[in-house]
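Enquirer: Below you'll find the structure I mean.
The values are calculated or read from the model by the stated rules, or taken from the named source; none is laboratory data. All figures in this text were calculated on a predicted structure; none of them were measured in a lab. Using ideal geometry, Cβ is built from the backbone for each residue, glycine included, and neighbour counts are taken over all protein chains shown.
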Amino acid sequence: MSCVALIGLMGSGKSTVGALLAATSGAALVDVDRVIEARTGRTVRELWEEGGEVAYRRLESEVCLDAIAGGDGEVGEAGEDVVLAAPGGVVLDAGVRQALGTCTVIWLRAQPSTLAARVQVGDHRPLLGADPATVLAAMSTDRAAVYSELADLTIDVDRMTAEDVAAAILEQLEPADTPTAADEPDTADPTATANPAT
């Protein structure tokens, strides 16, 4: 497995799916928000309000780069398989985008209406403000091309449980020596799309 990175907008289920993948595979889970809170002793909202978006984005990038590089004891040990639940906006950092080239990148794609129904006004996501649906729709438009370019696999999660998403990912990540479609009936998940190399 080495490094599997889950990308997508907030509310797409990266943390939950990441935890399921890590538990099933034995990999270390790096949930960036949780790592930042552990490092600083402050919540996401507190850090955002104290330092602003730019400062928080810097922290996000640092944790992601540490995880992709192989860990520092806090975000995984050197050589350990890692599942990275990446923040939605960290893909805007060119350095992180470059580093993600060493990972299997999976885009958990969902309609803004689905995402808006999953988040709550006033939770730890400061960017959403009082109108999550509008903000998420704008984010989806702005970031879709970046997510698509980075992703090795895209899964449409709107009608899937976290368990279903994790199972679909694990199926796609199975070693090449497992039975192929020629050997078994076609049971491929139609919501999972392997992206062509770019």
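Enquirer: Are there any pairs with C-beta distances below 7 angstrom linking a residue in region 152-175 that is among the polar types (S, T, N, Q) to a residue that is surrounded by 20 or more Cβ atoms within 10 Å (Cβ to Cβ) and assigned to a strand (DSSP E or B), with the two at least 6 apart or on different chains, and if so which?
Expert: Once the first residue is among the polar types (S, T, N, Q) and sits in region 152-175, its partners that are surrounded by 20 or more Cβ atoms within 10 Å (Cβ to Cβ) and assigned to a strand (DSSP E or B) give T154/W107; T154/R109.
Enquirer: Restricted to region 111-127, and to residues that are assigned to a helix (DSSP H, G or I) and modelled with pLDDT under 65, which residue is surrounded by the fewest Cβ atoms within 10 Å (Cβ to Cβ)?
Expert: L127
Enquirer: Taking region 83-108 only, how many residues are within 18 Å of V157 (Cα to Cα) and without any contact (Cβ under 8 Å) to a residue 12 or more places away in the chain?
Expert: Total satisfying the criteria: 0.
Condition check ((1) part of a helix (DSSP H, G or I); (2) exposed (fewer than 15 other Cβ atoms within 10 Å of the Cβ); (3) at pLDDT below 90) across all residues:
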position	(1), (2), (3)
A22	yes, no, no
E53	yes, yes, yes
A67	yes, no, no
V75	no, no, yes
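Enquirer: Please specify each residue of region 136-166 satisfying the condition of being of a type in the set (A, V, I, L, M) and either in contact with a Lys or Arg (Cβ under 9 Å, 6 or more places away or on another chain) or closer than 21 Å to T24 by Cβ (or both).
Expert: Scanning region 136-166 gives A144, V146, L150, A151, L153, I155, V157, M160, A162, V165, A166.
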